[in-house]
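Novice: Structure below; questions to follow.
The values are calculated or read from the model by the stated rules, or taken from the named source; none is laboratory data. On a predicted model such as this, the values are computed, not experimentally measured, just so you know. Backbone-built Cβ (ideal geometry, glycine too); neighbour counts: all protein chains shown. Surface areas here come from the heavy atoms of the whole protein model, side chains and all, with no ligands, DNA or RNA. Shrake-Rupley method; radii C 1.70, N 1.55, O 1.52, S 1.80 Å.
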Amino acid sequence: RRRASPSAAAALGSEHEIRAQTCVPAVGSHCIWTCQRLGIFSFLDIVTLCRCAQISKAWNILALDGSNWQRIDLFNFQTDVEGRVVENISKRCGGFLRKLSLRGCIGVGDSSLKTFAQNCRNIEHLNLNGCTKITDSTCYSLSRFCSKLKHLDLTSCVSITNSSLKGISEGCRHLEYLNLSWCDQITKDGVEALVRGCRGLRALLLRGCTQLEDEALKHIQNYCHELVSLNLQSCSRVTDDGVVQLCRGCPRLQALCLSGCGSLTDASLTALALNCPRLQILEAARCSHLTDAGFTLLARNCHDLEKMDLEECVLITDRTLTQLSIHCPKLQALIPRLDPSSLPGGHHGHPILPARKPRCGALQKHAVCRAAQMQLPERGRKRHSKKTPNKGLKWRIIRAGRQVSRNPDSLQACLAGGVAVPDLALASGE
């Protein structure tokens, strides 16, 4: 047996970052040749590759060959990953690297990503979610060297400004997915610069970009006709005028999040119904001015609806749910509004329920529950089957505006600690 050497760990930065946990027997040259011919190393994850690299010099060459490192996810090593790790990876992988996730790697900064961009010019998918040290300089480097970039996640990179979007639009014209969630320095000018150059965008996430106004949506309407998914959560300055313009220019829209855009009215729903028949996901939580009339028109025109979040849409009644059950057979998940009396603090109200048995054959998750169940601090309650709209329905418990699956394992954790499950998927991510 051979003793593990630090060579592979050094390739990722330092010896302590990835250590061999076991000793592996040496093998003959015939086995090495077979592994090479079959491309077995290309199926191994990052940890296994580093362990293989410690077996012998021959295995080291094979395991650390750049062709085996086309997709790398360092999320599990985020606390150890520093700039030099990224630089070493870029030198090792070079043009082979296609996908890199540095999600949560707060130790990575502009200088290391500049080196990365220079060495990995074929990168197509880059996740920098939570890399709070990066600034506009990183986007300039990506724009200059990474022209093949298609997917870029800059969530919570709070130092990003409009200058970054201008640089991206000039050098990354093949971009299809861009996540700018919580980059709150972005304004309509940055959006305009972006969409002028990246006209092939299919997914744009602007959640928490609180400075955006209707004019930003006008620019999206003018240039992003292929847009499929848009997230405007908490963009509170957006009004009906912006949504109407957006719908007219983006007829292929399939997923739209308007949660927290509190000034919207039925005019927005009417525009969606008349211009976006392919709509599948709509999140409109906390849009308290929306009524049954708007949702009725939407249900009658958008028959592909699969997921809806209507939480705190306090003006809707059973009529909305009835129309959805009749006209939207693909509906799988629905979070309806709750009566004010059914919110925590009230004991005698009930959430609205469908007036008749739903015709949504695909309905799997119907997030309605008794007020008493929402207030349980420690234990769950028994399933109330007589309140279930159909036998195949899987109940969910709403807690603090989130959903938690009702199963023995997660339910106890939910009631004890308020475990949260992400909101309805909206080209989020991931």
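Novice: Which parts of region 194-213 would a label at ARG173 reach, counting a residue when its backbone N lies under 20 Å from a point 7 Å out along Cα-to-Cβ?
Specialist: 194-203
Novice: Around LEU331, which amide H atoms from residues at least 5 apart in sequence, or from another chain, sit under 5 Å from its own amide H, with H modelled in the peptide plane?
Specialist: ALA362
Novice: Run the numbers for SER67 and ARG278: contour at 0.36 nm per residue of separation, minus the present Cα-Cα distance, in nm.
Specialist: Working: separation 211, 0.36 × 211 = 75.96 nm, distance 3.98 nm.
Net length gain for the segment: 72.0 nm.
Novice: With unit charges on the beta carbons (Lys and Arg positive, Asp and Glu negative) and the dipole taken about the Cα centre of region 48-123, which residue among CYS52, LEU62, SER90 sits farthest to the positive side?
Specialist: LEU62
Novice: Can I ask one more? What are the ³J(HN,Hα) couplings of region 191-199, residue after residue, when phi is run through the Karplus curve with 6.51, -1.76, 1.60 and θ = phi - 60°? Round to Hz, x for glycine and proline.
Specialist: For region 191-199, the Karplus curve yields 5, 4, 4, 5, 6, 5, x, 9, 7 Hz.
Novice: Using the Cα gyration tensor of region 33-92, with a ≥ b ≥ c the square roots of its eigenvalues, what is the shape: rounded (a/c below 1.5), prolate (a/b larger than b/c) or oblate (neither)? Spell out each step's value before the answer.
Specialist: Details: a/c = 2.06, a/b = 1.91, b/c = 1.08.
Prolate is the answer for region 33-92, as a/c is 1.5 or above and a/b outweighs b/c.
Novice: By accessible area of protein heavy atoms, probe 1.4 Å, what ranking do PHE77, PHE295 get, highest first? Before the final figure, lay out each step's value.
Specialist: Working: PHE77 40, PHE295 0 Å².
In descending accessible area the options line up as PHE77, PHE295.
Novice: Here is a further query. With every protein chain left in place, what is the accessible area per residue of region 220-294 in square angstrom, probe 1.4 Å?
Specialist: The answer is 32 Å² per residue.
Novice: Still on this model: Tell me the accessible surface of LYS188 in square angstrom (1.4 angstrom probe, heavy atoms of protein chains only), to the nearest ten.
Specialist: 60 Å²
Novice: Between SER263 and SER56, what is the spin-label point distance in nm, taking each point 7 Å from the Cα along the Cα→C-beta axis?
Specialist: Here the modelled spin labels are 7.1 nm apart.
Novice: Just to make sure I understand: if all protein chains stay in place, what is the order of THR320, THR187 by accessible area at 1.4 Å, largest first?
Specialist: Most to least solvent-accessible, the answer reads THR187, THR320.
Novice: What does the extension gain come out to for THR79 and ILE326, with contour length at 0.36 nm per residue minus their alpha carbon separation?
Specialist: 83.9 nm
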